[in-house]
1. Just to be sure I understand the filter: pairs with C-beta atoms under 7 Å, separated by 6 or more residues or on different chains, first member in segment A:248-262 and facing chain B (nearest Cβ under 8 Å) and part of a loop (DSSP other than H, G, I, E, B), second member among the aromatic types (F, W, Y) and open to solvent by less than 10 Å² (accessible area, probe 1.4 Å). Which pairs pass?
2. Please go through segment B:57-90 and pick out each residue that is part of a helix (DSSP H, G or I), without any contact (Cβ under 8 Å) to a residue 60 or more places away in the chain and surrounded by fewer than 17 Cβ atoms within 10 Å (Cβ to Cβ).
3. Give segment A:106-137 a look and list any residue that's more than 9 Å from chain B (Cβ to nearest Cβ) and small (G, A, S), or say none.
4. Return yes when B:L297 is over 30 Å from B:V204 (Cβ atoms), among the hydrophobic types (A, V, I, L, M, F, W, C), open to solvent by 10 Å² or more (accessible area, probe 1.4 Å) and more than 8 Å from chain A (Cβ to nearest Cβ) and no when it is not.
5. Criterion first (of a type outside the set (A, V, I, L, M, F, W, C) and in contact with a Pro (Cβ under 7 Å, 6 or more places away or on another chain)) does A:S263 satisfy it?
6. Find the residue count for segment A:263-294, including only residues that are away from every other protein chain (no Cβ under 14 Å) and assigned to a loop (DSSP other than H, G, I, E, B).
7. So how many residues does segment B:25-56 have that are assigned to a helix (DSSP H, G or I), farther than 22 Å from B:L215 by Cβ and not small (G, A, S)?
8. Tally time: how many residues in segment B:48-82 are small (G, A, S), over 24 Å from A:L45 (Cβ atoms) and within 9 Å of chain A (Cβ to nearest Cβ)?
2 protein chains.
Amino acid sequence: MSIDLPSTSTCTPLAAWAAAARPSALQAMLSVSARPEILSFALGLPAPELFPIADLARAATAVLSDPMALQYSPPIARLKDHVCALMAARSVSCTPAQVFLTAGAQQGMSLLTRLLLEPHSRVIVETLTYTGFRQVLEPFAPEIVEVPTSADEGIDTDALARVLAHGPRPALIYAMSHGHNPLGISMPAEKRARLVELAAHYGVPVIEDDAYGFLQYGDAAAAPLRALDGRWVCYVGSFSKILAPGLRQGWLVVPESWMAALSIAKESSDINTRTFNQLVLTTYLETGLLPGHVDMLRREYRSRRDAMLHALRLHLPEGARWRTPTAGLFVWIELESRVCTDELLRLALEREHVAFLPGRAFSASGAEGAHCMRLNFSRLPVHDIEEGIRRLGRAVNDAPRRARD
Amino acid sequence: MSIDLPSTSTCTPLAAWAAAARPSALQAMLSVSARPEILSFALGLPAPELFPIADLARAATAVLSDPMALQYSPPIARLKDHVCALMAARSVSCTPAQVFLTAGAQQGMSLLTRLLLEPHSRVIVETLTYTGFRQVLEPFAPEIVEVPTSADEGIDTDALARVLAHGPRPALIYAMSHGHNPLGISMPAEKRARLVELAAHYGVPVIEDDAYGFLQYGDAAAAPLRALDGRWVCYVGSFSKILAPGLRQGWLVVPESWMAALSIAKESSDINTRTFNQLVLTTYLETGLLPGHVDMLRREYRSRRDAMLHALRLHLPEGARWRTPTAGLFVWIELESRVCTDELLRLALEREHVAFLPGRAFSASGAEGAHCMRLNFSRLPVHDIEEGIRRLGRAVNDAPRRARD
């Protein structure tokens, strides 16, 4: 007989963080985005109508002619060769022995923190940064050191230099050099060089999250940090934004000497393998269609970005500021400081049926970004972007203002 | 310019466990098993020729008619309904709100330990147990308490009672009630009841790893621990052995109040979703073919088990002992105590081209099982099983014996 008590709250066996856990913003927003009446700019979703679904279906059919596609197996070596070719196109020289295949970029970061962190390690992040990275850190109860970041140029390398010069050596620095999430900007070349120089000088690994690095909208694609340094920069890549997130495929480029530890960390996370998905991806890559597909994505997302920027100019009130994103999927908007975007979101959802992520969601301490928001421009087609920004403009105009200080 | 230094060993930034990491037995054996001249009984691999590959290919084709199959999405609700139906067939009553979908059983265990453990928590395992569970524990640097286990009845519940009565409260007990890995046995009903009673009395969660529970070879399938208790037993299930490991699909049955924390732990591991694989699985389950497929697997694996037991009687020397496995994929063999199976494996691989896993690989402390080995009977067809056991018998006969004490 199964006995189900309604709650374990009087005597919870859960770890402290788990007992205090509440549903995440991502979970909540995935559900919101599924509601048909909502126009959502909230999540970093790629455009599903642009997935090369017929090509991937052909690849899946080909792969499933062999039952070994569904067996446990070592990582697919041919896929590592393809990753090296992708990296070479970004000016990174690496060998298959330095490539580790993951279930998306998120797993890559999760595995790297397992390798690099001890309980209570010191970690450097930007004041505004990807929330999923902070989640990865939680089990280690780390000491998080925030370094200021700017919506023009990313991490403040002078402030970083002061932290590194004066504090104990941190276990890692988390950085996004292209298509920063949430700021939408890329680091200038001299700042990239300075960051790598500091990491090498102080002997601190950099986790370079390059999930958006292949989606650059300028004429020439700039190289990631990993192109400057093969020892201290741990590169995290992903097929989620350039192909399809549902495949859950990503990769790391790290020193070859880390492979044994990475394999163990992955084995303990979900066994070492996702044979089927790796084979579908490999079969697709062997068609040679990916570069043309990514070019198409860049054109299409650039036009969606431009449509959003145009609509923002039309519909957002004076005092709202943003930059033109040079890479990635997001525009970062600063409203006048008397608007609280947490409150604005409630009003926008209820009255205008439009969603975004409030800036504070990206603040490590919760102290930054209260008057800011992140808008995604990749998921919705242009006419929905125009209508959504029109609605958002109305919500911003109607939003309550705090009294001036 | 990429600069690749050959090694970071003089100044490694890795956590202590990672710096000391060596390739795992599983990784090594996956490579060995791929060598065509080797007959391998080493890993818990299902038989690939029995995968319902045509049915799964049809499901994949149907699923890939909609690009949303490759988008991020919340977990597929229909799949949770199917899991509840599967659990009901094992006498477990649960609701979809208590089901959490995972990337296989291994991820389920990894997420549960994140929920239940603080650094240095106390954990109870059997003296011989699944190695993948010990890997999951490593980042927590836990205090591991070993409770004796028997190759007849599994965990010694009297010894467990003494540990619970005298020590501080542990964070969890790890148990396998059916098709124990590596011992191949199932716990008698009265021991299952006693284990659950102890867990409830002392308020200690039990992680019930039931990866093999659907593969029982007797007339009536016995119920898992979760059928006896819905509060303290956390159930871990898997489609890897009853369908195909390459899909990486498993599930947990846990209290509904744990869902928010589990979602966060999964999101930080690999985002919350594996939309495509979940949809392929759901589409397959909706054909209603799984129960018949599992019946076929039970018949086929039982006949492979019986072929292996017959061959063992023919080819293993006096002094070797084993029981008939009532569930799962393994036979546990005790050789005479003067044989070291670590050494035997080298000889078996080199001279006879046959592989197994030595018993010590399953010992939490490394102190148990030195004269034992685990043989898998599911992967190879009967004629290969007969030939492999013939070779193994020669290797055992030729193995060096230590001098008597």
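The values are calculated or read from the model by the stated rules, or taken from the named source; none is laboratory data. Please read all numbers here as calculations on a predicted model, not as lab measurements. As a convention, Cβ positions derive from the backbone with ideal geometry for all residues, glycine included, and neighbour counts pool all protein chains shown. Accessible surface areas use protein heavy atoms only, side chains included; no ligands, DNA or RNA. Shrake-Rupley method; radii C 1.70, N 1.55, O 1.52, S 1.80 Å.
1. Here the result reads none, with nothing in segment A:248-262 linked to a residue that is among the aromatic types (F, W, Y) and open to solvent by less than 10 Å² (accessible area, probe 1.4 Å).
2. Once the filter is applied, which keeps residues that are part of a helix (DSSP H, G or I), without any contact (Cβ under 8 Å) to a residue 60 or more places away in the chain and surrounded by fewer than 17 Cβ atoms within 10 Å (Cβ to Cβ), segment B:57-90 yields B:T61, B:A77, B:D81, B:A85, B:A88.
3. A:G108
4. no
5. Judged against the criteria, A:S263 is a match.
6. Selection size over segment A:263-294: 4.
7. Summing the residues that are assigned to a helix (DSSP H, G or I), farther than 22 Å from B:L215 by Cβ and not small (G, A, S) in segment B:25-56 gives 2.
8. Looking only at that region, the number is 2.
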